[in-house]
1. Which residue pairs have Cβ atoms closer than 9 Å, lie 6 or more positions apart in sequence or on different chains, and pair a first residue in the range 48-65 that is closer than 21 Å to LEU98 by Cβ and among the hydroxyl-bearing types (Ser, Thr, Tyr) with a second residue that is open to solvent by less than 10 Å² (accessible area, probe 1.4 Å) and part of a strand (DSSP E or B)?
2. Looking at the range 63-77, can you tell me whether even one residue there is under 19 Å from the mean Cα position of the chain (by Cα), more than 30 Å from LYS187 (Cα to Cα), open to solvent by 20 Å² or more (accessible area, probe 1.4 Å) and of a type in the set (Gly, Ala, Ser)?
3. Restricting to the range 82-116, count the residues that are touching a residue at least 60 places away in the same chain (Cβ under 8 Å), assigned to a helix (DSSP H, G or I) and either of a type in the set (D, E, K, R) or open to solvent by 50 Å² or more (accessible area, probe 1.4 Å) (or both).
4. Here is a list: PHE171, PHE218, PHE200, PHE149. Which entry is closer than 22 Å to LEU96 by Cβ and not hydroxyl-bearing (Ser, Thr, Tyr)?
5. Criterion first (modelled with pLDDT of 95 or more and assigned to a helix (DSSP H, G or I)) does LEU232 satisfy it?
6. Residues LEU147, LEU139, LEU177: which one is touching a residue at least 60 places away in the same chain (Cβ under 8 Å) and within 20 Å of HIS219 (Cα to Cα)?
7. Only residues that are open to solvent by less than 30 Å² (accessible area, probe 1.4 Å), of a type outside the set (Phe, Trp, Tyr) and either more than 24 Å from LYS145 (Cα to Cα) or not in a loop (DSSP other than H, G, I, E, B) (or both): list them for the range 167-178, please.
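The values are calculated or read from the model by the stated rules, or taken from the named source; none is laboratory data. Just so it is clear, the model here is predicted, and its values are computed rather than measured. Please note: Cβ atoms are built from the backbone with ideal geometry, for glycine as well, and neighbour counts cover all protein chains shown. Surface areas here come from the heavy atoms of the whole protein model, side chains and all, with no ligands, DNA or RNA. Shrake-Rupley method; radii C 1.70, N 1.55, O 1.52, S 1.80 Å.
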Amino acid sequence: MQIKTKAIVISSIKFQEKSLIVKCFTQSSGLKSYFVRNAFSGRKSNQKIAYFQPLSILEIEAVHKNKGTLENFKEIKISTPFQTIHSDIYKSTMVLFLSEVFYHSIHEEEKNEPLFNFLETALLWLDHHDEIANFHLILLLEATKYLGFYPDVSNMDLTYFEMREGNFTPFIGVDTLTEHQTNLFKKLIHLKFDNNQKVFHVLERQIILKNLMDYYRFHLDGFRNPKSLEVLKEVFS
């Protein structure tokens, strides 16, 4: 089946000497993997590789056989060229980290257009703003709405957040955040991208990020901390 769709690049892995295997989250069909032959050869090789930077937003024509094998592109172009994301060290580190998170979070080969639209809108916001210190934290929490485990906020006045159940409780237990961690988490829940990015200091952001990674691990089978997590901490320290 031939399709036209937007796609967000999740990962690209070199295959043998000249080719790539590219995993994309598509607007039309969810997660798909593509084989790019001769990506590292020919006069347009640099152009080909540039398409597949982390979280680039593409417009593609592709043949989907839907047999669990690698699919093939027919045409590729950048949907919206990023102006700053891949040239700014803070933003590029952030999208590398986020692409790894989504590599371990998005597994379904089925349409999830609300998640796609949310990610596209968020990435375009990131590209056009400079105050971004909490962007990854807000995005990771908001993404759980579309991944199926957003916290139950009906009892946010209670003292502790229970990670396994995803709700607030008056009782401390094995899987609850501390009162301090819970207060930081509550503050994050109220944040939007346009809020004051200085609402947390560096150590608080590190605490929240660790808690979010733990929360993802509780709710997603096989979730692993991204390798770029330590790089992210270093760049934003």
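1. Short answer, once both residue conditions are applied: TYR51/VAL9; TYR51/VAL22; TYR51/LEU58; SER56/ALA7; SER56/ILE8; SER56/VAL9.
2. Step one: list which residues in the range 63-77 are under 19 Å from the mean Cα position of the chain (by Cα), which gives none.
For the range 63-77, residues under 19 Å from the mean Cα position of the chain (by Cα), more than 30 Å from LYS187 (Cα to Cα), open to solvent by 20 Å² or more (accessible area, probe 1.4 Å) and of a type in the set (Gly, Ala, Ser): absent.
3. Total satisfying the criteria: 6.
4. Values: PHE171 fails: closer than 22 Å to LEU96 by Cβ; PHE218 fails: closer than 22 Å to LEU96 by Cβ; PHE149 fails: closer than 22 Å to LEU96 by Cβ.
So the residue among PHE171, PHE218, PHE200, PHE149 that is closer than 22 Å to LEU96 by Cβ and not hydroxyl-bearing (Ser, Thr, Tyr) is PHE200.
5. Working: modelled with pLDDT of 95 or more: no; assigned to a helix (DSSP H, G or I): yes.
Taking the combined requirement at face value, the residue does not satisfy it.
6. Working: LEU139 fails: touching a residue at least 60 places away in the same chain (Cβ under 8 Å); LEU177 fails: touching a residue at least 60 places away in the same chain (Cβ under 8 Å).
Of LEU147, LEU139, LEU177, the one residue that is touching a residue at least 60 places away in the same chain (Cβ under 8 Å) and within 20 Å of HIS219 (Cα to Cα) is LEU147.
7. Start the filter on the range 167-178 by keeping residues that are open to solvent by less than 30 Å² (accessible area, probe 1.4 Å), which leaves 168-169, 176-177.
Those left that are additionally of a type outside the set (Phe, Trp, Tyr): 169, 176-177.
Passing the criteria: THR169, THR176.
Residues are listed down the side, and each one gets a yes or a no for (1) more than 24 Å from THR121 (Cα to Cα); (2) surrounded by 14 or more Cβ atoms within 10 Å (Cβ to Cβ); (3) out of contact with any Asp or Glu (no Cβ under 6 Å at 6 or more places or on another chain):
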{"residue": "HIS180", "(1), (2), (3)": "yes, no, yes"}
{"residue": "LEU184", "(1), (2), (3)": "yes, yes, no"}
{"residue": "ILE208", "(1), (2), (3)": "no, yes, yes"}
{"residue": "ASN211", "(1), (2), (3)": "yes, yes, yes"}
{"residue": "GLY222", "(1), (2), (3)": "yes, no, yes"}
